[in-house]
Amino acid sequence: MQQGTLMRKVKSRSWKKQRYFKLQDDCMTIWYQSKRTGKIESAFSISDVETVREGHQSEVLQSLAEEFPPERCFTIVFYGRRGNLDLIAGSAEEAQCWVQGLRQLIEPRFFPLTSALVSRTWIRDWFQKADKNKDGRMNFKEVQRLLKMMNVDMNEDHALRLFQAADKSESGTLEGEEFVLFYKALTQREEVLSLFQDFSEDGKKLTLLELVDFLRQEQLEDEGTEELAMELIDKYEPSETARALHVLSADGFLMYLCSSEGSIFNPHHRALWQDMSQPLCHYFISSSHNTYLIEDQIRGQSSIEGYIRALKRGCRCLEVDCWDGPNGEPVVYHGHTFTSKIPFREVVSTLGKYAFKTSAYPVILSLENHCSMEQQEVLAQQLKAILGEQLLTTTTDGRVPTQLPSPEELKHKILLKGKKIGRLEDMLNGPGDEVPDVSDDDNGTEAEEERRRAKVGGTQHGPALQKDKESLAQALSDCVIYCKSVSFRGFQEARSHSRPSEISSLSEAKARKLIRDAGNEFVRHNTWQLTRIYPSGMRTDSSNYSPQEMWNVGCQIVALNFQTAGTEMDLCDGLFSQNGCCGYVLKPPFMRDTETLFNPSDPESWEGPGPTTLTIQVISGQQLPKVANSKDGAIIDPLVRVEIHGVPADQAHQETKHIENNGFNPHWDETLQFQLHVPELALVRFVVEDYDKTSRNDFVGQFTLAFANIKPGYRHIHLLSKDGTSIPPSSLFVHIRITE
């Protein structure tokens, strides 16, 4: 039976299947079915859709450009690591209908993301899932099925009492508002109501002064508390009457606690809040390894989607491996493997388009150059022609730098990291072996040190310089300004001969050895020069190493395989989710001091402020998702594990007991406590798992943030999926205390 719009679903040039697509009546779900069999193949929620791209904006659709005009083509892009959906409509009008319709549905102004709306949407979703016969009513048998679907193992008599109380029409079924009543009774938050009543004299409302008391005593809000209380009432109180009286009801109190203001993540740190005027080497920089790969390192697909996804996540250092391609056009792929190839031109075009959509701060393009001299000239030409003024081709002030410029100075600029012929001075002042005159602003000691460096080895001479000239195109060399790639030959050698505008890349194994043998020297080195860390070549499955141990010594560019979900990417997302997601996080003061004594392996040697105690009361969970691919009727047994990732002395984890058969509203009421010696470097990861006594626990959800971004008090933690996407309204309710 024909239903919906007939469109081609495309996976490759040869795979073009016709499918019927239809938006369900709830305006929240789209399913598609086979034209040949009529079988529904898949469905997705509007909430899963990040954006819609028109025209030939994927490799697959670009390959079909001659066969299908751009007006009929569009791509649905999903959150997380789910693959895109490329579609070809029967006409330009049909394509526009779907593109505009989807954009309206995913636009925040169409569905403002308030707690009330998320709850309403959630209620409607569950109603439609459980309404088996689709008559718009739900009998008690369907309600029992719903409870199983929602991770609730409830006594049948209690469930029947809730059902009958909500059945105001006494029809034996629930419909419309009756189901909403049933849902509200089911989701009654006793722990929040008890907290509300602790501060409410009459148990029914919080007056302005009572709310101020709560904010000061429990939430530790100490500035502008009365103004904040008024704002919260105006923003979250659903009753107009209560708002006019400047009081907050229990419903408004719950909405506040579930909001961004009630989140564990300090809302002021979500926006840009750090000093962005310090040298680049004073920041941790969100960095990707082999960005073009979206699967494994041996047979995986190379795609511009890898760059788009990384840039949208705030990544500021991307990698590109360039090789000679056909027809004089360089290609990008993982050399000497079976990974697919994409034109370098497409990568650069994608970079130019998406580089500054998420963040205005500089992007570093790490170039692995395996091209012939002829195609290196093409690389340089394409970089300059496509990127134009975005590509940095000289220093910010036209002078030889004594330190790296700041992210602020380099806004909207793309920096090329790669090999360079000779010195930056040669390019700025013309070739020659003599070091240029030092300006009057520099004191004599600095000038003498610069001359000494040049004599000892700061300048390339003889065979080394000649080899570079023979293997590297001058035009490509000239594109490298602040990130000249040099071999690492030890910290003393770097201090004597290297420059701030040079950068070394180290394997994870080499970095670990340096951390173990010379931790403090490594920290000092990273106060004035950039260091890039990359994964072991043995990680052919695109797995990741822990970035934390590299951040502990101040390494700025810690490159990870963004396509691989797991603890390592959770830590990366957790660190860079602050500061406006701009991809730069300022290192603590003791990691920016060239004379620092800090060594992460021995925090006692550093005169820090002393240990900080983090106390976390894990109170309850709300509407936790079922484990993927679990059996029908299976209900999770959730536990919460809190992990501290930081210097070795701070690495720790503790977990609650598991709660049997309740993923809907489990209560733990357990207190976990941690001692942090270097809280400035600590990340805190909250993990919910489904306990299994016979095998490994299953992942349910997680949330990771830097300790510096934790807001004390009664807070909700809004859980993320394995892919790092939100799973509303799944959350944890905790009480946080920090003491020094």
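The values are calculated or read from the model by the stated rules, or taken from the named source; none is laboratory data. Keep in mind it's a predicted model, so treat the numbers as computed, not measured. Neighbour counts run over all protein chains shown; Cβ positions are idealised from the backbone, glycine included. Protein only, heavy atoms only, side chains kept; ligands, DNA and RNA dropped before computing areas. Shrake-Rupley method; radii C 1.70, N 1.55, O 1.52, S 1.80 Å.
What are the ³J(HN,Hα) values, in whole Hz, obtained from phi via the Karplus relation 6.51 cos²θ - 1.76 cosθ + 1.60 with θ = phi - 60°, for each residue of the range 289-300 in sequence order, with x given for Gly and Pro?
9, 6, 4, 6, 8, 10, 9, 7, 8, 10, 10, x
For n ≥ 4 DSSP H runs only, could you compute -39500 (n - 2.57) per run for the chain, divide by its residues and tell me the 222 nm figure to the nearest 500?
It comes out at -8500 deg cm²/dmol, rounded to the nearest 500.
For the chain, what relative contact order do you get, as a whole percent, if you take Cα pairs closer than 8 Å and at least 6 residues apart?
11
Can you compute the FRET efficiency between LYS35 and SER259 using 1/(1 + (r/R0)^6), with r the Cβ-Cβ distance and R0 = 41 Å? Round to the nearest 0.05.
That pair, LYS35 with SER259, gives E of 0.35.
With each pseudo-label sitting 7 Å past Cα toward Cβ, what's the SER695-ALA92 distance in nm, one decimal?
5.4
Quick check: pseudo-label points 7 Å beyond the Cα along Cα→Cβ at ASN133 and PHE44, how many nm apart are they?
For the pair ASN133/PHE44, the computed spacing is 3.5 nm.
Based solely on C-alpha atoms, express the radius of gyration and the Dmax of the chain in angstrom.
Cα-based Rg and Dmax for the chain come out at 28.9, 96 Å.
Out of residues 5 or more away from SER542 or on other chains, whose amide H comes under 5 Å of its own, with H placed 1.01 Å from N in the peptide plane?
GLN297
Quick one: which residues, 5 or more positions from THR527 or on another chain, have an amide H under 5 Å from its amide H? H modelled 1.01 Å from N in the peptide plane, none for Pro or chain starts.
The answer is none.
How long is the gain from GLU240 to THR739 if the chain were fully straight, where each residue apart is worth 0.36 nm and the alpha carbon distance is subtracted?
175.7 nm
Using a cut-off of 22 Å between alpha-carbon atoms, which lysines can reach LYS204, once sequence neighbours fewer than 8 places away in the same chain are excluded?
LYS184, LYS235
On average, how much accessible surface per residue is there in the chain, in Å², for a 1.4 Å probe, leaving out ligands, DNA and RNA?
Using a 1.4 Å probe on heavy atoms only, each residue of the chain averages 45 Å².
Note down the nm distance, to one decimal, between modelled labels 7 Å out along Cα→Cβ at GLU71 and at LYS16.
1.8
What percent does the relative contact order of the range 5-110 come to when contacts are Cα pairs within less than 8 Å and at least six residues apart?
Computed over the range 5-110, the figure is 24 percent.
How much length is gained on full extension from ASN661 to SER536, taking 0.36 nm per residue of separation minus their Cα-Cα distance?
40.8 nm
I'd like the carbon and sulfur percentage of the solvent accessible area for the chain, probe radius 1.4 Å, heavy atoms only, ligands and nucleic acids excluded.
Here carbon and sulfur together make up 48 percent of the probe-accessible area.
What pairs from LYS413/LYS587; LYS353/LYS411; LYS693/LYS722; LYS129/LYS631; LYS22/LYS312; LYS11/LYS357 go past 20 Å between their alpha carbons?
Result: LYS413/LYS587; LYS693/LYS722; LYS22/LYS312; LYS11/LYS357 exceed 20 Å.
Once the piece of chain linking SER496 and ALA708 is laid out straight, how much longer is it, given 0.36 nm per residue of separation minus the C-alpha distance between them?
That works out to 72.7 nm of additional length.
Hey, with R₀ at 51 Å, roughly what FRET efficiency would LYS384 and THR225 work out to, going by the Cβ-Cβ distance, to 0.05?
0.40
In whole Hz, with x marking every Gly and Pro, tabulate ³J(HN,Hα) for the range 171-176 from phi via Karplus 6.51 cos²θ - 1.76 cosθ + 1.60, θ = phi - 60°.
Per residue, the Karplus-derived 3J(HN,Hα) values read 8, x, 9, 10, 9, x Hz.
Hey, what do the phi angles of the range 712-720 turn into as Karplus ³J(HN,Hα) couplings, whole Hz, using 6.51/-1.76/1.60 and θ = phi - 60°, x for Gly and Pro?
Rounded to whole hertz, the list is x, x, 7, 9, 9, 10, 8, 6, 10.
Which shape class applies to the range 190-262: rounded if a/c is under 1.5, otherwise prolate when a/b exceeds b/c and oblate if not, where a ≥ b ≥ c are the square roots of the Cα gyration tensor eigenvalues?
rounded
Can you tell me which lysines have their Cα less than 26 Å from the Cα of LYS16? Leave out same-chain residues fewer than eight positions away.
Within reach: LYS35, LYS39, LYS341.
Can you tell me what share of the DSSP beta bridges in the chain is antiparallel? A percent to the nearest 5 is fine.
75
Ignoring chymotrypsin sites (Phe, Trp or Tyr not before Pro) that are buried or in helix or strand per DSSP, and keeping those with at most 11 other beta carbon atoms within 10 Å, what is the longest stretch of the chain between them?
The longest such stretch corresponds to 339-740.
Between PHE74 and residues 5 or more places away or on another chain, which pairs have amide H atoms under 5 Å apart, with H built 1.01 Å from N, and which residues are they?
The answer is GLY55, LEU87, ALA89.
Determine, from the Cβ-Cβ distance of ASP324 and GLN474 and an R0 of 22 Å, the FRET efficiency 1/(1 + (r/R0)^6), rounded to the nearest 0.05.
0.75
Find how many whole Å separate the alpha carbon centroid of the range 331-386 from the alpha carbon centroid of the range 491-542.
So the two Cα centres are separated by 25 Å.
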